[in-house]
Amino acid sequence: MPILEVQDVHTYYGNIEALKGISLKVEQGEIVTLIGSNGAGKTTTLRTIAGVLRPRRGTVRMDSSDLTKTPANQIVRLGIAHSPEGRRIFARMTVRENLEMGAFARGAANIADDYERVYTLFPRIKERLKQRAGTLSGGEQQMLAIGRALMARPKLLLLDEPSMGLAPVLVELVFQTIKEINAQGMTVLLVEQNAHMALTIANRGYVLQTGKIVLSDTAKALASNEMVRKAYLGED
Amino acid sequence: MGEGKDIDLLAAAIVIGITNGAFIALIALGYTLVYGIIELINFAHGDLFMLGTFACLTTLTILGFGTEVGIAGTPWLALVIAMLVAMAFCGGLNVLAERIAYRPLRKAPRLAPLISAIGVSFIFINIGLFWQGPTPRRFPDLLPQYDFLSQFFGLHTLVRFTVKDLFVLSLAVPLMLGLAWVIQNTRMGKAMRAVAQDSEMALQMGIDVNRVIAFTFLLGGLLAGAASLMYGLYNNNTVFTLGFTAGLKAFTAAVLGGIGNVSGAALGGFVLGLLASLTVTYFGGQWENVGVFSLLVIILVFRPTGLLGQIQGDRA
């Protein structure tokens, strides 16, 4: 049984239909990526799963719960953590407090291990615990956003554009880390503009175009698909 | 008048200013907390403070201290009870107002809750009018008339630092420090800061945003309730229109310090109290509001975010 099952989801912004019937599945232990150009609906899909946006039709199932009927602040308790587009760390709180907020839903008990786990993944975060998060560099903020999401001990990690605005060497590092997190057993749903990198680390992928899924396959097959190569990998 | 007298006058004005600044700061904190979290200027907050003075008055009357005639010594227990009643009353009422008048408008355009707050203000004023009538009410003068400087230190000076001043400061300062501690260190305080910065992300962390907002209104109400007893005992009068002037001053203090910024509101309160007192001392009472609001205009022209204001931009 898939860990997450999105079925025929239609999400609107006002009267504009941004998602026109999206269906997808994520299995335990996978990295699944959504690729597509700007405005295709990748972020909207993640935000619908995370409960920030409510679809007009369709269901999002996680275990036996329908997330579209779950209050937004309860979704993290069902095992979904979201590292959103633009990172959206709490800029005026310290780095440590940001991590603490990530574990908010779990209460204060036994989170020491989780701090250690984040510090191991991101040693640079550990050096800056007392700093205001807004003073971190872009790469560090991205690491903090992922770290904050991991603090919830989710079953499924939603990652939205983790490479956005980062220097190539940092992009490499962030993707390495995602692979590492996945190797430790975390299931990941990854939205990326950088389709090349995303398909390198993912097991499967979905291609979105104007609110619809037009293609779904293993990452390997997508990477060699002619349409994908032309449209998203910048090859002729 | 010799030079000593000039300095005396200045020092006297400063002591009065600091004490008055303490009430203003406590009320200003209620404005700034709410603004910080939902960007609402809670116009009813001054009137909540006014109702707090009435709650104190009624409590003291029920306890038999409505008039101080024939009372030897200060009924400390009654004062503690009156303060707790006023704090609970203002805190509860503020939470209720949020639930009924502001929460349903959470997703409405910004102007709607603002108008709603003006409506709540009118309701509070009329409750006050119904409760204690249209004429100013005398608030019992229950604190000892003891001046530390002349009676304890034997100084011959215009400056007075009385039990009243000490009472106000020794309550107000710990309350402010306590508030700062709550915001800095408690789970709820951290949740407040998270909601203030990005309420959508706060939801994603599992924070019950509505509860945090209600808690913020509770804190603001508790401080207004405490301020109301101090005000009553210090000034020995209250009236149903008190909320308008007190609220306007406190709001000015909050803007002065940088609205949304908690230390800013405390600082703004004291600066405003001092400025008002200095204006009264050197230019006369009729110039008080001129001084206060001129300062506001000057600050807003040269430093629109207030003295300690945040630079907006990180999706604050």
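A few comments on the model shown:
- Estimated FRET transfer efficiency (A:Met1, B:Gln145; beta-carbon r; R0 56 Å; 0.05): 0.10
- The listed residues A:Ser224, B:Ser294, once ranked by accessible area (1.4 Å probe) with the largest placed first, stand as A:Ser224, B:Ser294.
- Spatial separation of Cα centroids for the range A:119-136 and the range B:155-198, in angstrom: 32 Å
- Net charge dipole size for the range A:1-143 [Lys, Arg +1 and Asp, Glu -1 on Cβ; Debye, nearest 20]: 500 debye
- With contacts taken as Cα pairs under 8 Å at a separation of at least 6 residues, the range A:111-196 carries a relative contact order of 30 percent.
- Förster radius 56 Å - calculated FRET efficiency between B:Lys5 and A:Arg92 (Cβ-Cβ, nearest 0.05): 0.70
- Heavy-atom accessible surface of A:His196, to the nearest 10 Å², is about 110 Å², with a 1.4 Å probe and all protein chains retained.
- A versus B: buried accessible surface, summed, Å² (probe 1.4 Å, to nearest 100): 2200 Å²
- Average beta-carbon neighbours from other chains, 10 Å sphere, peptide A:67-78: 3
- For chain B, the per residue solvent-accessible surface stands at 45 Å², with DNA, RNA and ligands left out and a 1.4 Å probe.
- Approximating the spin labels as points 7 Å out from Cα along Cα→Cβ, the B:Phe130-to-A:Ser65 distance works out to 4.4 nm.
- Separation of alpha-carbon centers, the range B:76-152 and the range B:250-277, rounded to whole Å: 19 Å
- Shape class for the range B:37-251, computed from the alpha carbon gyration tensor (a ≥ b ≥ c): prolate, with a/c not under 1.5 and a/b above b/c.
- In this calculation the C-beta distance from A:Thr210 to B:Ile62 is compared with R0 = 60 Å, giving a FRET efficiency of 0.30.
- Per-residue Karplus couplings for the range A:16-32, computed as 6.51 cos²θ - 1.76 cosθ + 1.60 with θ equal to phi - 60°, are listed in order as 8, 7, 7, 10, 10, x, 8, 10, 7, 10, 10, 8, 3, x, 7, 10, 10 Hz, Gly and Pro entered as x.
- Rounded, prolate or oblate (a/c below 1.5 giving rounded, otherwise prolate when a/b exceeds b/c) for the range B:220-316 by Cα gyration tensor: oblate
- Under 5 Å between amide hydrogens, built in the peptide plane, is the criterion, and for A:Lys212 it picks out A:Lys20 among residues at least 5 positions away or on other chains.
- Apportionment of accessible area to carbon and sulfur, the protein assembly as shown, percent (1.4 Å): 61 percent
- Contact-buried residues of the range A:98-116, at a threshold of 40 Å² lost accessible area versus the chain by itself: A:Met101, A:Phe104 (1.4 Å probe; DNA, RNA and ligands ignored).
- Spin-label model, B:Phe152 to B:Arg106: label points 7 Å out along the Cα-to-beta-carbon direction sit 4.9 nm apart.
- A:Glu17 versus A:Gln74: modelled label distance in nm, points set 7 Å from Cα along the beta carbon direction: 3.0 nm
- Bridgeable lysines around A:Lys130 (alpha carbons under 30 Å apart, same-chain partners fewer than 8 residues away excluded): A:Lys155, A:Lys179, B:Lys190.
- The helix-based estimate of mean residue ellipticity at 222 nm for chain B, built from -39,500 (n - 2.57) per DSSP H run of four or more residues and divided by its residue count, is -23500 deg cm²/dmol to the nearest 500.
- Think of the protein assembly as shown as a dipole: +1 on every Lys or Arg Cβ, -1 on every Asp or Glu Cβ, centred on the Cα centre; then among A:Ser23, B:Gly133, A:Leu233, A:Ser23 lies furthest on the positive end.
- DSSP H segments from chain B that extend 30 Å or more along their own axis, Cα-based, with Kyte-Doolittle mean of 0.5 or above: B:3-38, B:76-97, B:111-132, B:163-185, B:209-235, B:262-283
- Burial here means at least 40 square angstrom less accessible surface with every protein chain in place than with the chain by itself, probed at 1.4 Å; in the range B:200-236 the buried residues are B:Glu200, B:Met201, B:Leu203, B:Gln204, B:Met205, B:Gly206.
- Counting only heavy atoms of the protein chains and using a 1.4 Å probe, B:Leu256 has close to 0 Å² of accessible surface.
- Ranked by the mean number of other Cβ atoms within 10 Å of their residues, highest first, the peptides B:50-60, A:80-90 fall in the order B:50-60, A:80-90.
- In units of the rule-of-thumb radius 2.2 N^0.38 Å, the protein assembly as shown shows an alpha carbon radius of gyration of 1.19.
- Accessible-area value, B:Trp76, 1.4 Å probe, nucleic acids and ligands omitted, Å²: 130 Å²
- Shielding by other protein chains, B:125-136, mean Cβ within 10 Å: 0
- Largest to smallest accessible area among A:Glu5, A:Glu161 [probe 1.4 Å]: A:Glu5, A:Glu161
- Whole-Å distance, taken between Cα centres, linking the range A:1-58 and the range A:151-220: 15 Å
The values are calculated or read from the model by the stated rules, or taken from the named source; none is laboratory data. Because the structure is a prediction, the values reported are computed rather than measured. Glycine gets a Cβ as well: all are built from the backbone with ideal geometry, and neighbour counts include every protein chain shown. Heads up: the accessible areas ignore ligands, DNA and RNA and are worked out on the full protein's heavy atoms, side chains in. Shrake-Rupley method; radii C 1.70, N 1.55, O 1.52, S 1.80 Å.
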